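Colleague: Quick one: structure below, then a few questions.
The values are calculated or read from the model by the stated rules, or taken from the named source; none is laboratory data. Everything numeric here is computed off the predicted structure, so don't read it as measured data. Positions of Cβ are generated from backbone atoms using ideal geometry, with glycine treated the same way; all protein chains shown enter the neighbour counts. For accessibility, only protein heavy atoms count, side chains too; no ligands or nucleic acids. Shrake-Rupley method; radii C 1.70, N 1.55, O 1.52, S 1.80 Å.
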Amino acid sequence: MTRTRNIRPRRPLLAGTTAVAAMAVTAGLVAATAEPAKAATGPKLSLIAATKSITLTSWKEEPGVYLDLGTYLTAEGRPLELKVTRKSYKDPVTITQTVYEGGKAKAKVLPKGTVKDFSGLRDFAEITVTDKAGKKVLSRSEDFCPNNASGRVRPDAPATSKYPESCPTNPFTLGSVWGVEKGWAANTYAGSYTDPAMLAAGTYTAKVRVAKKYRDLFGIADKPATVKVTVRERSYEDEQSATGPASRSSASGEHAGHGAAHPAPTAHTGHGPGHAPTPAQAAAPVTSGAGPSYNVGHGPLKAAPPALPWALKKQQAARSMRVGDTGGQTDGSRKAPALQPLSKRPAGKPSVPDVPKPDLRSLPAYGIVVSDGEKDIPGKDHLAFSANVWNAGPAQLVVDGFRSPGKAKMDAYQYFYDAKGKQVGYTPTGTMEWDPRPGHMHWHFTDFASYRLLKADKKEAVRSGKEAFCLANTDAIDYTVKNANWHPLNTDLATACGEENSISVREVLDVGSGDTYSQDLPGQSFDITEVPNGTYYIQVLANPEKRLKETNVDNNSALRKIVLGGKPGKRTVTVPAHDLVNKN
């Protein structure tokens, strides 16, 4: 997320009498006057309202209104660019703003406490709602992700925004880039990360302003945006009978889920020798940081205000895909094109050239819970968890699978590219297998990672049978590393991981991104029925057999401490903080 504004002028180097430099009293010499330092400059930021009035719906079955009021933060002159990082999990999250001095970019460190995590600027927008009589009925603050749903505000603005789509919520994120492109505007609505407002049917006036600390920090004028709001009450039953379960358009006054179904850049077709995996083009004008992050196959499962009422959406999912999504979609606004592999196996002699390679790293496990087994098996206790392996670069991990007629598995190959993107080598790297289990149903690359439950002395207690994965860019882990791709293509598991009848498949893990498997998926657990209570570590180990070629294989393991307790059938797990990350 990026917010930049005119920076305060530099203070004089010295003040009062101390500002007078000692001068040589030599004839002919004149006092030299220093040129004033040029002030660093950023964008001109403004809060605007896209419309003067808006109609919102409160559903009888799920009372409350999501306050997407159509207010935007605009950036003029220069883009608003913020980089949010932490050196390690022992260090707090810090933020810098990109400003310019003499036309050169410079990082301006923003005050400590400006951010606490990577999800956005906390309490950025202040919202007050009054009824027809002028009585205040609501007052709240909402966080703001500058990578939210956005669009151009001028015809001469850049056609695409270079900034990422959405702000990461993975608790072990290491670096993020936030931004509002020059001549663009980003929606201030917090989307699925805010609660609905309890407003009865009627008419209201909403006033939105930027909090004072951000006005001061970025030089934003104190000019609130005012929007007339009409709240109408409806029911799923009425909607279903009137329009059918599969359609409710934004024309009816609903917010149809930030940018759903916006066309994505055209996919590249084929990766032969001399053709590198094409980086994704810049984001489409409508993106979604505030919108849903479904991650049907992997990743955080955060329900968002949907284009359809949530209950109807769940009904519809049994018959067809969600509105604005395809199977395995990781973001409700994007429809990532398929990454097409070669139709033939690579030719020539395998080789591992001296070119940039990926660097696979594991994140500590999170989302750790005790369950009664993947299939609700009575008498069984399972320790479920989410895990992520990411690529710190500087090169993509590109793996193709090729299937011989009649064979159950594909032969897998890793590809290598030079600095110009030309394919200069490849090597066999194991196999791919079809996983038919619900929640997967795609091709997995074998031996990508391994899960192990270690005793307090770090000796193995239990090993998970899961070591095969579909590679997809579900999470932005560190977009500040070299060659990070802010717009990876294969965020869509349905296209990234193939069909059961596929003859070949390409799987890519891009630089800066990671692949999360959430704790509700088959294989994401240990059977702890016979495991004694005590202290253990969940180990996530990338590239366990070292079949993939990397820049470094010594940083592939991550441990998360846990404490098992309770009795059979009622086991408990305590998850201590991992340094400064206090989320289980």
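Colleague: So which of 458, 549 is at pLDDT 90 or above and farther than 28 Å from residue 575 by Cα?
Modeller: 549
Colleague: Residue check: is residue 70 modelled with pLDDT under 90 and open to solvent by less than 50 Å² (accessible area, probe 1.4 Å)?
Modeller: no
Colleague: Continuing with this model, one more query. Taking the conditions exactly as written (modelled with pLDDT of 90 or more and closer than 30 Å to residue 572 by Cβ), does residue 426 satisfy them or not?
Modeller: When the stated conditions are applied, residue 426 does not pass them.
Colleague: Follow-up question, since we're still on this one. Can you tell me which residue is least open to solvent (accessible area, probe 1.4 Å) among those in the range 552-584 that are modelled with pLDDT under 95 and basic (Lys, Arg)?
Modeller: 571
Colleague: Filter the range 110-134 down to residues that are part of a strand (DSSP E or B) and over 23 Å from residue 71 (Cβ atoms), then give me how many there are.
Modeller: Within the range 110-134, residues that are part of a strand (DSSP E or B) and over 23 Å from residue 71 (Cβ atoms) number 0.
Colleague: Given the range 182-235, what strands (runs of 3 or more DSSP E) lie entirely inside it while holding 2 or more residues that are under 18 Å from residue 138 (Cβ atoms) and open to solvent by 80 Å² or more (accessible area, probe 1.4 Å)?
Modeller: Output list reads 225-234.
Colleague: Name, by its number, the condition in (1) in contact (Cβ under 8 Å) with a residue 40 or more places away in the chain; (2) within 27 Å of the chain's Cα centre (by Cα); (3) not in a strand (DSSP E or B) that does not hold for residue 74.
Modeller: Condition (3) is where residue 74 drops out.
Colleague: How about the range 414-436: which of its residues are out of contact with any strand residue (DSSP E or B) (no Cβ under 7 Å at 6 or more places or on another chain) and open to solvent by less than 30 Å² (accessible area, probe 1.4 Å)?
Modeller: Scanning the range 414-436 gives a single hit, 421.
Colleague: Any chance the range 465-482 includes a residue that's assigned to a loop (DSSP other than H, G, I, E, B), at pLDDT below 75 and within 17 Å of residue 396 (Cα to Cα)?
Modeller: Looking through the range 465-482, none of the residues is assigned to a loop (DSSP other than H, G, I, E, B), at pLDDT below 75 and within 17 Å of residue 396 (Cα to Cα).
Colleague: So how many residues does the range 89-109 have that are open to solvent by 40 Å² or more (accessible area, probe 1.4 Å) and part of a loop (DSSP other than H, G, I, E, B)?
Modeller: Total satisfying the criteria: 5.
Colleague: Continuing with this model, one more query. Can you tell me which condition residue 112 does not meet? The list is (1) open to solvent by 30 Å² or more (accessible area, probe 1.4 Å); (2) within 27 Å of residue 58 (Cα to Cα); (3) more than 17 Å from the chain's Cα centre (by Cα), and all the others hold.
Modeller: (2) is the only condition that residue 112 fails.
Colleague: Answer yes or no as to whether residue 411 is open to solvent by 20 Å² or more (accessible area, probe 1.4 Å), among the charged types (D, E, K, R) and at pLDDT below 85.
Modeller: Judged against the criteria, residue 411 is not a match.
Colleague: Scan the range 144-162 for residues that are part of a loop (DSSP other than H, G, I, E, B) and of a type outside the set (Val, Ile, Thr) and jot them down.
Modeller: Across the range 144-162, the qualifying residues are 145, 146, 147, 148, 149, 154, 155, 156, 157, 158, 159, 162.
To keep it simple, each residue is scored yes or no on (1) more than 30 Å from residue 461 (Cβ to Cβ); (2) in contact with an Asp or Glu (Cβ under 9 Å, 6 or more places away or on another chain); (3) in a strand (DSSP E or B).
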site: 354; (1), (2), (3): yes, no, no
site: 364; (1), (2), (3): no, no, no
site: 380; (1), (2), (3): no, yes, no
site: 420; (1), (2), (3): yes, no, no
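Colleague: Quick one: how many residues across the range 163-181 are of a type in the set (S, T, N, Q), open to solvent by 20 Å² or more (accessible area, probe 1.4 Å) and either at pLDDT 95 or above or under 14 Å from residue 115 (Cβ atoms) (or both)?
Modeller: Let us first name the residues in the range 163-181 that are of a type in the set (S, T, N, Q), namely 166, 169-170, 173, 176.
Checking which are open to solvent by 20 Å² or more (accessible area, probe 1.4 Å) leaves us with 166, 169.
Retained after the next criterion (residues that are either at pLDDT 95 or above or under 14 Å from residue 115 (Cβ atoms) (or both)): 169.
Selection size over the range 163-181: 1.
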